[in-house]
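Q: Attaching a single structure in structure tokens format; questions to follow.
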Amino acid sequence: MNKLLCSTGALITGRNNRNHMLLAKAGQQLTCEGYEFMMYQSWYEKWEQIAADVAAMDVSVVTFHVDKGIGELISKNGEGEMELAVERFVINCRMACIMGAKLLVLHLWGGLASDGNIAVNIEKYRELREIADSFGLLLTVEDVPCNRENPLKHMIALHKLYPDISFTFDVRFAAFHGLFEECLSENQAWLWQGPVKHIHIGDFAGEPMDWESLRSCKHPREGKIDFVKFFAHLKKVGYDGTVTVESTAVAEDGSILTDKLNDTFAYLRSLM
């Protein structure tokens, strides 16, 4: 069975003051096999302490989600922003190593600038890949939403330039762009013949390109994505990578909805 992980972004949010120490208690209550640690931009001033705290916890951090703001800096490409993106990427790599993660999830583009000058983002991948390799980390590029083209088009371009590139496939992002069926089709069989090394799970209830609906990462069975079909496809292609649940599970008072998450894990295991 594929290893089922939980994103710390589903547990640690603004509602509980992004208190990373909550992961220790959650690790005793949740039935996942490990975690994907989500880095926030507001944590750089204390990144060493956070990394040490998490490393000391009795939890398994398997994958590490790089600060999303790094992709936005690359997309904006203003004065000093590319240098800052690299500086912060190195810190993310150091944190991942301290926590014991082996795989990085990267938003290669993002923000309002998004894929407006995608050639710059695609070229920057080369340097970030070299840095990740130097730390012994597998860098994966996520199919991040675009406001000009679509992520599949950019993934194809990246794969053409870097045939050994690895991707994280976010099923919710694919649904947002109306690409769910296409990504499972024979036309895109190449995706599942090695490039996709990691998967993000969350449901989507809106219509394609409905940005407001994208703000909510729902649990499977709360939206429109056919997860039965998706996991049948994974079995068919022999996918053996990791799967991370990103569905939000924090109440208004900041408490973690452990029962809801465990129910989601049980449902996904029944499909896996």
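Q: Just to be sure before I move on: is ARG148 at pLDDT 95 or above and in a helix (DSSP H, G or I) in the structure I sent? Before the answer, list the steps.
A: Values: at pLDDT 95 or above: yes; in a helix (DSSP H, G or I): no.
So ARG148 does not fit the description; no.
Q: What's the number of the condition GLU72 fails, among (1) open to solvent by 40 Å² or more (accessible area, probe 1.4 Å); (2) acidic (Asp, Glu); (3) under 23 Å from VAL245 (Cβ atoms)?
A: Every condition holds for GLU72 apart from (3).
Q: For the range 22-41, how many residues are more than 18 Å from the chain's Cα centre (by Cα), surrounded by fewer than 17 Cβ atoms within 10 Å (Cβ to Cβ) and modelled with pLDDT of 95 or more?
A: Selection size over the range 22-41: 3.
Q: Just the residues that are under 24 Å from ILE156 (Cβ atoms) and either surrounded by fewer than 23 Cβ atoms within 10 Å (Cβ to Cβ) or in contact with a Leu (Cβ under 8 Å, 6 or more places away or on another chain) (or both), please, taken from the range 93-106.
A: We begin by selecting, within the range 93-106, every residue under 24 Å from ILE156 (Cβ atoms); these are 103-106.
Of everything in the range 93-106, those that are under 24 Å from ILE156 (Cβ atoms) and either surrounded by fewer than 23 Cβ atoms within 10 Å (Cβ to Cβ) or in contact with a Leu (Cβ under 8 Å, 6 or more places away or on another chain) (or both) turn out to be LEU103, LEU104, LEU106.
Q: Please go through the range 4-60 and pick out each residue that is among the charged types (D, E, K, R) and in a loop (DSSP other than H, G, I, E, B).
A: Start the filter on the range 4-60 by keeping residues that are among the charged types (D, E, K, R), which leaves 15, 18, 25, 33, 36, 45-46, 48, 53, 58.
Across the range 4-60, the qualifying residues are ARG18, GLU33, ASP58.
Listed here are the residues, each with its yes/no results for (1) surrounded by fewer than 20 Cβ atoms within 10 Å (Cβ to Cβ); (2) among the aromatic types (Phe, Trp, Tyr).
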| position | (1), (2) |
| --- | --- |
| ARG172 | no, no |
| GLY178 | yes, no |
| TRP192 | yes, yes |
| ILE201 | no, no |
| GLY206 | yes, no |
| HIS219 | no, no |
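Q: Could you go through the range 113-126 and let me know if any residue there is modelled with pLDDT of 95 or more, open to solvent by less than 50 Å² (accessible area, probe 1.4 Å) and charged (D, E, K, R).
A: Yes, some residue in the range 113-126 is modelled with pLDDT of 95 or more, open to solvent by less than 50 Å² (accessible area, probe 1.4 Å) and charged (D, E, K, R).
Q: Please give the helices (runs of 4 or more DSSP H) falling wholly within the range 167-272 in which 1 or more residues are within 29 Å of GLY27 (Cα to Cα).
A: Working: elements: 171-176, 180-183, 211-214, 227-237, 258-271.
Per the criteria, 171-176, 211-214, 227-237, 258-271.
Q: From the list LEU179, LEU184, LEU137, exactly one residue is at pLDDT 95 or above, hydrophobic (A, V, I, L, M, F, W, C) and within 16 Å of LEU108 (Cβ to Cβ). Which is it? Steps first, please.
A: Numbers: LEU179 fails: within 16 Å of LEU108 (Cβ to Cβ); LEU184 fails: within 16 Å of LEU108 (Cβ to Cβ).
It is LEU137.
Q: Now, a different point. Looking at this structure, is GLN188 over 19 Å from the mean Cα position of the chain (by Cα), open to solvent by less than 50 Å² (accessible area, probe 1.4 Å) and free of Cβ contacts under 8 Å to residues at least 60 places away in the same chain? Spell out the reasoning first.
A: Details: over 19 Å from the mean Cα position of the chain (by Cα): yes; open to solvent by less than 50 Å² (accessible area, probe 1.4 Å): yes; free of Cβ contacts under 8 Å to residues at least 60 places away in the same chain: yes.
So GLN188 fits the description; yes.
Q: If you don't mind, there's one more thing I want to ask. Return yes when VAL90 is of a type outside the set (Gly, Ala, Ser), touching a Ser or Thr at 6+ places or on another chain (Cβ under 9 Å) and either surrounded by fewer than 16 Cβ atoms within 10 Å (Cβ to Cβ) or part of a helix (DSSP H, G or I) (or both) and no when it is not.
A: Numbers: of a type outside the set (Gly, Ala, Ser): yes; touching a Ser or Thr at 6+ places or on another chain (Cβ under 9 Å): no; either surrounded by fewer than 16 Cβ atoms within 10 Å (Cβ to Cβ) or part of a helix (DSSP H, G or I) (or both): yes.
No.
The values are calculated or read from the model by the stated rules, or taken from the named source; none is laboratory data. Just so you know, these numbers come straight off a predicted model, no measurement behind them. With ideal geometry, Cβ positions are generated from the backbone for all residues, glycine too; neighbour counts draw on all protein chains shown. For the accessible areas, the whole protein counts, side chains as well, though only heavy atoms, and no ligand, DNA or RNA atoms are used. Shrake-Rupley method; radii C 1.70, N 1.55, O 1.52, S 1.80 Å.
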